[in-house]
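Down below is the structure, laid out as structure tokens.
The values are calculated or read from the model by the stated rules, or taken from the named source; none is laboratory data. Treat the numbers as computed from the prediction; the structure is a model and nothing was measured. All Cβ positions, even for glycine, are placed from backbone atoms using ideal geometry, and neighbour counts span all protein chains on display.
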Amino acid sequence: MTRDPEPLFHPVDRRTWCSLICRQKPENILRYMDKQHLLYLIIDRLHANLQRAIEAAKAAHETATHEENIAENKYDTLGLEAAYLAAGHSKRVDDIRHALQAYHTLIVRPYDPAQGVQLSAGVTLASEDGHKQVFFLGPAAAGLKLKSGAAEVMVITPKAPLGHALLGKQIGDEVQIEINGISQTFEILQVS
């Protein structure tokens, strides 16, 4: 069994970092955000998620293999359902381990206007109604939300429509995606 790497981010560091970031306005958050610290926050959260997923997988496996859950007839499906649940939890553990590996090897790069938005970019977008959102373009763990001072940062990947649309774009560009048949346009306000 492989041993999972220790979390790289420690609570004392997180408090110090957050105290600096909390003073910033949400629209300026990426200007001051240390993306390396954001990377540590992501890794820290993934480690916590991994531990919970491992515990859930163990519990589901124990339920699936418990002698009381052996099927007595074709309608007794508790053991089968528990086995499917255990397989799902094991898949989740593997997915989180792959995400951790991707983030441990991710090279955080500064924004280069010549290349536009690339992996490891922090991006602030404004929707047509003026609502601002902050995203981190990462290799995995799409949908992960982290509190970064006054702003919430959501991890997206290039596989997602928005992440794919952002690749190569620059500050001031607009991206358009379709969600549930509805076209949405966002303006890129800031990239780090």
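The table that follows gives values for the structure above.
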quantity	calculated
In segment 95-123, the residues that are touching a Lys or Arg at 6+ places or on another chain (Cβ under 7 Å) and either over 18 Å from Ile177 (Cβ atoms) or in the same structural domain as Ser183 (by TED's automatic domain parsing) (or both)	Val108, Gln118, Ser120, Gly122
Qualifying residue in segment 116-127 (condition: over 13 Å from the mean Cα position of the chain (by Cα), among the aliphatic types (A, V, I, L, M), loosely packed, with under 11 Cβ neighbours inside 10 Å and within 18 Å of Pro158 (Cβ to Cβ))	no
Residues satisfying the stated conditions in segment 85-115, i.e. surrounded by fewer than 17 Cβ atoms within 10 Å (Cβ to Cβ), hydrophobic (A, V, I, L, M, F, W, C) and more than 20 Å from Thr157 (Cβ to Cβ)	Ala87, Ala114
Residue in segment 108-131 that is basic (Lys, Arg) and touching a strand residue (DSSP E or B) at 6+ places or on another chain (Cβ under 9 Å) present	no
Residue that is modelled with the highest pLDDT [pool: residues in segment 35-79 that are of a type in the set (Gly, Ala, Ser) and surrounded by 14 or more Cβ atoms within 10 Å (Cβ to Cβ)]	Ala53
Of residues in segment 134-147 being buried (at least 18 other Cβ atoms within 10 Å of the Cβ) and not small (Gly, Ala, Ser), the one nearest to Ala48 (Cα to Cα)	Leu144
Qualifying residues in segment 132-155 (those that are among the small types (Gly, Ala, Ser) and free of Cβ contacts under 8 Å to residues at least 24 places away in the same chain) - the one farthest from Gln101 (Cα to Cα)	Gly143
Counted residues, segment 145-192 - those being touching a strand residue (DSSP E or B) at 6+ places or on another chain (Cβ under 8 Å) and at positive phi	2
